[in-house]
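Down below is the structure, laid out as structure tokens.
The values are calculated or read from the model by the stated rules, or taken from the named source; none is laboratory data. These numbers come from a predicted model, not from an experiment. Virtual Cβ from ideal backbone geometry, glycine too; neighbours counted across all protein chains shown. With ligands, DNA and RNA removed, areas are computed over all heavy atoms of the protein, side chains included. Shrake-Rupley method; radii C 1.70, N 1.55, O 1.52, S 1.80 Å.
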Amino acid sequence: MAEATAPVRTVAGRNVPLAGTYVIDPPHSQVVYEIGHMTIAKSHGAFQKLSGEIQVGDRVEDSSVDITIDVGSISTTAEARDKHVLSEQILHVDKNPQAHFHSTSAALQDDGTWRIPGELTLAGSSKPITLNASFGGGVVDPWGKPRIAFSATADMDRENWGITWNAPVPGFGPMLGTLVKITIEIQATLKQ
């Protein structure tokens, strides 16, 4: 039996995944957000269910990413807050049960990171956003599947997507900031 090799190659002196289609592994992937809270702190939440594919091209710039997020899978660690975030005041999950990111291009940067512009559809609005991604590496997992990992970040102004709910903190400003920092952790296995 041939020994399995990691799904990694070198392009321009940088490690990148082997070309192919990789399917996102939901139990090992999530989207986390951070938003300012009451002008003095930060609040976090995570979407626990996502799916999609990463298509790695022979040329890095021919690569693409397609991610679908189950909006109802949010966890803010507080049930009442989860219900409020999912309500019509913020994400309106009944009307918009999924969020979707689709890349429009990809570029390997000099520092080895990937710049991935695309379009994010969230709460019924589609707007451009750019992911800044780092390739974590590749392995052959214990089940014999070639597996890769990426971490990505992006900043978004939630009001650009029509998410404008807020409440005053008397004498201090709004309860929620408008800047949302997003972190995406993805593991994906090579489609066989």
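Structure notes:
- Test for Pro146: is it of a type outside the set (Gly, Ala, Ser) and within 15 Å of Ile54 (Cβ to Cβ): yes
- Residue pairs whose Cβ atoms lie under 9 Å apart, sitting 6 or more positions apart in sequence or on different chains, and linking a residue in segment 78-91 that is within 17 Å of Arg158 (Cα to Cα) to a partner that is charged (D, E, K, R) and surrounded by fewer than 16 Cβ atoms within 10 Å (Cβ to Cβ), are Leu86/Asp94; Ser87/Asp94; Glu88/Asp94; Glu88/Lys95.
- Qualifying residues in segment 4-25 (those that are touching a strand residue (DSSP E or B) at 6+ places or on another chain (Cβ under 9 Å) and open to solvent by 60 Å² or more (accessible area, probe 1.4 Å)) - the one nearest to Phe135 (Cα to Cα): Asn15
- Residue list for segment 50-67, restricted to those being surrounded by fewer than 21 Cβ atoms within 10 Å (Cβ to Cβ) and of a type in the set (Val, Ile, Thr): Val60
- Restricting attention to segment 1-52, the residues being among the aromatic types (Phe, Trp, Tyr) and closer than 26 Å to Val180 by Cβ number 2.
- Among residues of segment 146-181, those that are surrounded by fewer than 18 Cβ atoms within 10 Å (Cβ to Cβ), in a strand (DSSP E or B) and at pLDDT 95 or above, counted: 6
- Members of segment 105-131 found to be within 22 Å of Gly162 (Cα to Cα), of a type in the set (Val, Ile, Thr) and out of contact with any His (no Cβ under 9 Å at 6 or more places or on another chain), listed by number: Ile129, Thr130
- Just one residue in the set Val139, Val85, Val93 is modelled with pLDDT of 95 or more, β-branched (Val, Ile, Thr) and out of contact with any helix residue (DSSP H, G or I) (no Cβ under 6 Å at 6 or more places or on another chain); that residue is Val139.
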